[in-house]
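Okay, so here's the structure we're looking at.
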Amino acid sequence: MEFLAPTTLADALAAKAEHPDAMPILGGTDVMVELNFDRHRPPVLLDLTRVPELAEWSRDDRRVRLGAGVSYTRVIDELGHVLPGLAMASRTVGSPQIRNRGTVGGNLGAASPAGDSHPPLLAGGAEVELASLAGTRTVPIDEFYAGVKKHVGRPDELITAVYVDVPTGPQQFSKIGTRNAMVISVSAFSLALHPDRRRVGTGIGSAAPTPRRAADAETFIAGALDDDGLWESKGALPDALAREFGERVQTAASPIDDVRGTAAYRLHSLAVMARRTLAWAWSDYQGGTNA
Amino acid sequence: MTIPTEAPTEAPPESPAETPDSPPDNARGGVGESPQRPDATLKVTGEFAYGSDLWMDDMLWGVTLRSPHPYARIRNIDIGEALATAGVFAVLTHEDVPGNKTFGLEIADQPVLAIDTVRYQGEPVALVAADHPEIARQAAKKIKVDYDVLEPVTDARTALGHSTPDLHGELAEEVTELSREAAHLHPQGNLVRHLKVRVGDPTPSADVVVVGEYHVGMQDQAFLGPEAGLAVPDDVGGVDLYIATQWLHVDQRQICAALNLRPDQVRLSLAGVGGAFGGREDLSMHVHGCLLALHTRKPIKMVYNREESFFGHVHRHPATMRYEHGADRDGTLVYVKAEIYLDGGAYASSTPAVVGNAGTMGLGPYVVPHIHVDCYGVYTNNPPCGAMRGFGSVQAAFAYEAQMDKLAASLGMDPVELRIVNAMAEGSLAPTGQIIDSAAPVVELLERLRAMPLPPALDSSDLRHLPGGVSNTTHGEGVRRGVGYAVAYKNVAFSEGYDDYSTARVRLEVVGGAPQATVHTAAAEVGQGLVTVEQQICRTELGVDTVVVQPKDTQVGSGGSTSASRQTYVTGGAVQAACHKVRERLLALTQDYLHETLHDLRLEGGMVVSDTRGAVASIADVLGAKALEETLEWRHRKTEPIDPEKGQGFAHVQYAFAAHRAVVDVDVELGLVKVVELACTQDVGKAINPDAVVGQIQGGSTQGMGLALMEEIQISEGKIRNPSFTDYLIPTILDTPPMPIEVLEYADPHAPYGLRGVGEAPTISSGPAVMAAIRDACGLELTRVPVRPEHIIDSGDGRGSRGEPKRRQP
């Protein structure tokens, strides 16, 4: 196996162009596990940890550009107040050691339905930046996932960054695991209120072949909030609304039975998480505490 | 996070202040103190060499080709391509095993390498040695094994041809599995052992009767140091094996048989052991490494990775248990009927002894006048099961403690009160007909637990206190608190007539002007702290500060197994006895040295001390250039086999008692659990090392809790679905609650220092207490462990049903 360790983005892109079958590696928290289990034998490993451009983030009023190599620990420490949904999800990733190594960019590259960062990116709005020698393009997050552990990036492209919208309203993330730390999600749900657009964003994890939004639930709840004038009044969220929202989120999922949980439980838990996170976010929006 | 613990309590007033063997309590780092472990610094700084760190410059790497099928006939094995691979030095199959081709702890039924049949997924089929581990692994993939895949036998009940009774004991239609010729897994049939206990009236009746069926999943020992060893050939056909194990001499016996070598040709030394918990009592790579070393005439290192480790050792037996408890209106137990099936998997391992424990102690520490127990150990094509901390008692406790709660509910009694009414005490009759002839403080353990203050109410301001933790699944919604109690007991040391002994060699001499003791045993240190205990005993008995613990190897006689909570008792007893013989000789020398006869001498602080005259000589002066060395075998009192029809006999040496109170917060909408507190009371007879005792209780409690909540090797059609620490979950520190611990010290007059084995008892009662607390919180029956979120939310599959559990589908 060849091991390439470029030190500039230009070199990294050139390497990927020359070796389209190269497996990019950042923190290695997915890639090394796969190698260790002998599930993959990529002919080339492309180590991106020495590329400084990838380890940076920046922001303007509208969004944060998060370099693919920024660790979860840095997301929590440096962006916890800017991107609360993503930070909440980051806190549930593995152990402190894994959060020090693992990156959102790596999570996107693996494109596992169980990746913790996908639901908040889907709910909050994001675009993935893909770069190659031919140029740079961005793909809306909900068009990025292409199947189980597949994304739309071309073999000559690298994921260089993700643009995450700066929130205009409360965000929540909730994840089921069968222990209280260091666990891969059984199911996960993220929610973002976008009062500026009178929209509600959603993201579902571990309950379909890819991370996905619950579009029908989004439309339903945004409409219902509009109809009742709740965006303006900031009035109480009717329990029936939250329940129906939960049920509609559930119908957006298509989970399977596996070693971590049953499809039936995944559906059930999604409904509960959707209902609860909506209530917490709405409570935040109302200006109260989210207890 | 701090884990509040209470220092062991002072000996309760009722307990005798001193046993006949009580030592002078004066040596520094002696018995009853908690000196630092000799390997503590190395372990904390990461410099301790574990088995996987073994290295020789000219060594080769051995790997194992394992069966992908739970059950298949082997038509042919073609090693040609693998053997032709550059860098490969040897490829071996069963044909290369020179001696006995099968091995086993109790029954030699397991092939060293598969012969014509594989009976479980992961069974070793062939071995490769190469100059790089990756070359060895890739070469192993080139071995062509032609399998005729068979339908596996995966259910313990039907493997015996027993059909599944309903809750009223009615049998369903005939089970026809055994009509398949291939369903007979071994020549002697699929039954490993059937233990019967029959006491009193065979057809008893009672005012109140509760029935339940319970299921316990397959737990793994999940030790962190994987199986590892280094086999080094000598020039004359023998081999030295450095190995992480629990019992050097039983390994040696089995290796010699397989290699057709004498014990002096197969020398074992203990490599650094990273946890064991029963999983290293059977052979793993021992014979394989030696075979490769003898064939290649080069040192062979073998180390399993985490995935292979799940296939490389035995697990805890899954159990299916049907219990019927009958009691008077006042709660007094009248009878218990129990039917226990333990799935031993493909090979026997220690299944017969596990059946012995589950069968004879499967009713819990209660007085039961009329008893009818059938306990079966069964062959299937599931992964082999054998020893694991708690050893048969763990499974049964989930059932009998659930039954006690169920009975209390039927009677409208407090569950602790019901236990107290029926508790064993000193003088009670055990189900084997043995009189419990030392302290059995079941009532006190429960009363002390009940008297402990309860933790404060739920604080939902910090996510880490809530079910789900920082995964942010609740801010208090759906959370209900529950409290549950459980009490259990466990036999210490080997039972049923086993000649259970340990060997100790103790030497006393002057080194650098100061007296120094050297202790040599073959008893495996697996992390539990036996090396510290050996030092403490020598310090106390010989009055010296410096005690060297010799590496554990087969140059001294057997120390017996590091299992059954027995090493402090048995090897501790051997070290104490050897010290006594050395001390006798030293005191005789003292008489010569002083030219007078004194009868009140003891050893203390490097001096020979007279009760009446104070220090009369230094040990160094008395010894001079002499070295006193004694080697002896020490046995605990004899047990006897139980009779096969009624299960009666003096089967067990000693019992250890522990009780737990669990407090849990359960999110009943999501089925997630946070254990808030896990309090424990345990009688240890004498805390030889109080810190180590508390450590054992914390660790054992956590391991038992893990089985209740999450630890399960999931099996489907004989195949392991989760051979990784990604999906085989064990509790993290964030799952581990504060543990208030009270340690009682009621001396057992039969045991050295009055001690009781410590390691297993807390593993048995913690899980049932957690389950009782969850049931208390959510009001569901919960008949299966590990409990899963979908059971707690009552998904209607019968495992989480309210009231009577639904009938299992056969």
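The values are calculated or read from the model by the stated rules, or taken from the named source; none is laboratory data. Note that the structure is predicted; figures quoted are calculated from it, not measured. Glycine gets a Cβ as well: all are built from the backbone with ideal geometry, and neighbour counts include every protein chain shown. The area values use the complete protein model at the heavy-atom level, side chains included, leaving out ligands, DNA and RNA. Shrake-Rupley method; radii C 1.70, N 1.55, O 1.52, S 1.80 Å.
Give B:L670, B:L709 a once-over and let me know the one that is open to solvent by less than 10 Å² (accessible area, probe 1.4 Å), modelled with pLDDT of 95 or more, among the aliphatic types (A, V, I, L, M) and at negative phi.
B:L670
Could you please give the count of residues in the range A:238-289 that are assigned to a loop (DSSP other than H, G, I, E, B), buried (at least 16 other Cβ atoms within 10 Å of the Cβ) and within 14 Å of chain B (Cβ to nearest Cβ)?
Going through the range A:238-289 one residue at a time, the tally reaches 3.
Would you point out which residue out of B:L248, B:L224 is open to solvent by 40 Å² or more (accessible area, probe 1.4 Å) and either modelled with pLDDT of 95 or more or in contact with a Gly (Cβ under 6 Å, 6 or more places away or on another chain) (or both)?
B:L224
Only one of these conditions is not met by A:V183: (1) part of a loop (DSSP other than H, G, I, E, B); (2) of a type outside the set (D, E); (3) more than 14 Å from chain B (Cβ to nearest Cβ). Which number is it?
Failed condition: (3).
For (1) in the same structural domain as B:D665 (by TED's automatic domain parsing); (2) over 26 Å from B:V684 (Cβ atoms), each residue gets a yes or a no:
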residue	(1), (2)
B:V443	yes, no
B:L454	yes, no
B:R464	yes, yes
B:G469	yes, yes
B:R481	yes, yes
B:G484	yes, no
B:Y489	yes, no
B:R505	no, yes
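Is there a residue in the range B:622-632 that is among the small types (G, A, S), assigned by TED's automatic domain parsing to the domain that holds B:A439 and modelled with pLDDT of 95 or more?
no
Just to verify a result, which residue in the range A:104-141, among those that are hydroxyl-bearing (S, T, Y) and open to solvent by less than 10 Å² (accessible area, probe 1.4 Å), is farthest from the chain's Cα centre (by Cα)?
Among those residues, the one meeting the criterion is A:S132.
Of all residues being of a type in the set (S, T, N, Q) and buried (at least 22 other Cβ atoms within 10 Å of the Cβ) in the range A:90-103, which is farthest from A:P255 (Cα to Cα)? Just the residue, please.
Only one residue tops the list, namely A:T103.
Would you pick out the residues in the range B:475-502 that are touching a residue at least 60 places away in the same chain (Cβ under 8 Å) and either facing another protein chain (nearest Cβ under 7 Å) or among the acidic types (D, E) (or both)?
Result: B:E477, B:E496, B:D499, B:D500.
For the range B:417-445, give me each residue that is over 24 Å from the mean Cα position of the chain (by Cα) and open to solvent by less than 10 Å² (accessible area, probe 1.4 Å).
B:L418, B:R419, B:N422
Restricting the search to the range B:347-389, which residues are closer than 24 Å to B:L418 by Cα and in a loop (DSSP other than H, G, I, E, B)?
Answer for the range B:347-389, where residues must be closer than 24 Å to B:L418 by Cα and in a loop (DSSP other than H, G, I, E, B): B:M361, B:G362, B:L363, B:G364, B:P365, B:V367, B:V368, B:P369.
May I ask you to say which residue of B:T732, B:T681 is in contact with an Asp or Glu (Cβ under 7 Å, 6 or more places away or on another chain), over 24 Å from B:E525 (Cβ atoms), of a type in the set (V, I, T) and not assigned by TED's automatic domain parsing to the domain that holds B:V531?
B:T681
Among the residues of the range A:22-46, what is the count of those that are assigned to a loop (DSSP other than H, G, I, E, B) and either within 11 Å of chain B (Cβ to nearest Cβ) or under 25 Å from the mean Cα position of the chain (by Cα) (or both)?
11
Rundown of residues vs (1) in a loop (DSSP other than H, G, I, E, B); (2) without any contact (Cβ under 8 Å) to a residue 40 or more places away in the chain; (3) at negative phi; (4) open to solvent by less than 10 Å² (accessible area, probe 1.4 Å), yes/no style:
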| site | (1), (2), (3), (4) |
| --- | --- |
| B:S269 | no, no, yes, no |
| B:F277 | yes, no, no, no |
| B:L283 | yes, no, yes, no |
| B:L291 | no, no, yes, yes |
| B:E324 | no, no, yes, no |
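Identify the single condition in (1) out of contact with any strand residue (DSSP E or B) (no Cβ under 9 Å at 6 or more places or on another chain); (2) at pLDDT 95 or above; (3) not aromatic (F, W, Y) that A:L225 does not satisfy, given that it satisfies every other one.
The number of the failed condition is (1).
Here are some residues: A:A146, A:A188. Which one is surrounded by fewer than 19 Cβ atoms within 10 Å (Cβ to Cβ), at pLDDT 95 or above and not in a loop (DSSP other than H, G, I, E, B)?
A:A146
Of all residues in the range B:89-106, which are open to solvent by 20 Å² or more (accessible area, probe 1.4 Å), hydrophobic (A, V, I, L, M, F, W, C) and more than 27 Å from B:G278 (Cβ to Cβ)?
Result: B:F89, single match.
Do the conditions hold for B:S309, that is, is it open to solvent by less than 10 Å² (accessible area, probe 1.4 Å), within 14 Å of chain A (Cβ to nearest Cβ) and touching a residue at least 40 places away in the same chain (Cβ under 8 Å)?
When the stated conditions are applied, B:S309 passes them.
Would you check if there is a residue in the range B:726-741 being part of a loop (DSSP other than H, G, I, E, B), among the hydrophobic types (A, V, I, L, M, F, W, C) and within 10 Å of another protein chain (Cβ to nearest Cβ)?
Within the range B:726-741, one or more residues are part of a loop (DSSP other than H, G, I, E, B), among the hydrophobic types (A, V, I, L, M, F, W, C) and within 10 Å of another protein chain (Cβ to nearest Cβ).
Being farther than 29 Å from A:R197 by Cβ and of a type in the set (V, I, T) is the filter here; which residues of the range A:29-73 pass it?
A:T29, A:V31, A:V33, A:V44, A:T49, A:V51, A:T73
As an exercise: evaluate B:Q550 against (1) surrounded by fewer than 24 Cβ atoms within 10 Å (Cβ to Cβ); (2) out of contact with any Pro (no Cβ under 9 Å at 6 or more places or on another chain); (3) more than 14 Å from chain A (Cβ to nearest Cβ); (4) in contact (Cβ under 8 Å) with a residue 60 or more places away in the chain and give the number of the one condition it does not meet.
It is condition (4) that B:Q550 fails.
Can you find even one residue in the range A:73-81 that is in contact (Cβ under 8 Å) with a residue 24 or more places away in the chain and open to solvent by less than 10 Å² (accessible area, probe 1.4 Å)?
yes
Can you find even one residue in the range B:716-724 that is more than 30 Å from B:E742 (Cα to Cα) and more than 14 Å from every other protein chain (Cβ to nearest Cβ)?
The answer is yes; a qualifying residue exists.
List the number of the failed condition for A:S206; all other conditions in (1) crowded, with 23+ Cβ neighbours inside 10 Å; (2) farther than 21 Å from A:Q171 by Cβ hold.
Of the numbered conditions (1) crowded, with 23+ Cβ neighbours inside 10 Å; (2) farther than 21 Å from A:Q171 by Cβ, the odd one out for A:S206 is (2).
Cβ-Cβ below 8 Å, separation at least six or inter-chain, first residue in the range B:217-242 and outside the structural domain of B:A522 (by TED's automatic domain parsing) and within 30 Å of B:L729 (Cβ to Cβ), second open to solvent by 40 Å² or more (accessible area, probe 1.4 Å) and of a type in the set (S, T, N, Q): which pairs?
From the range B:217-242, the pairs are B:G225/B:S52; B:P226/B:S52; B:P226/B:N305; B:A228/B:S52.
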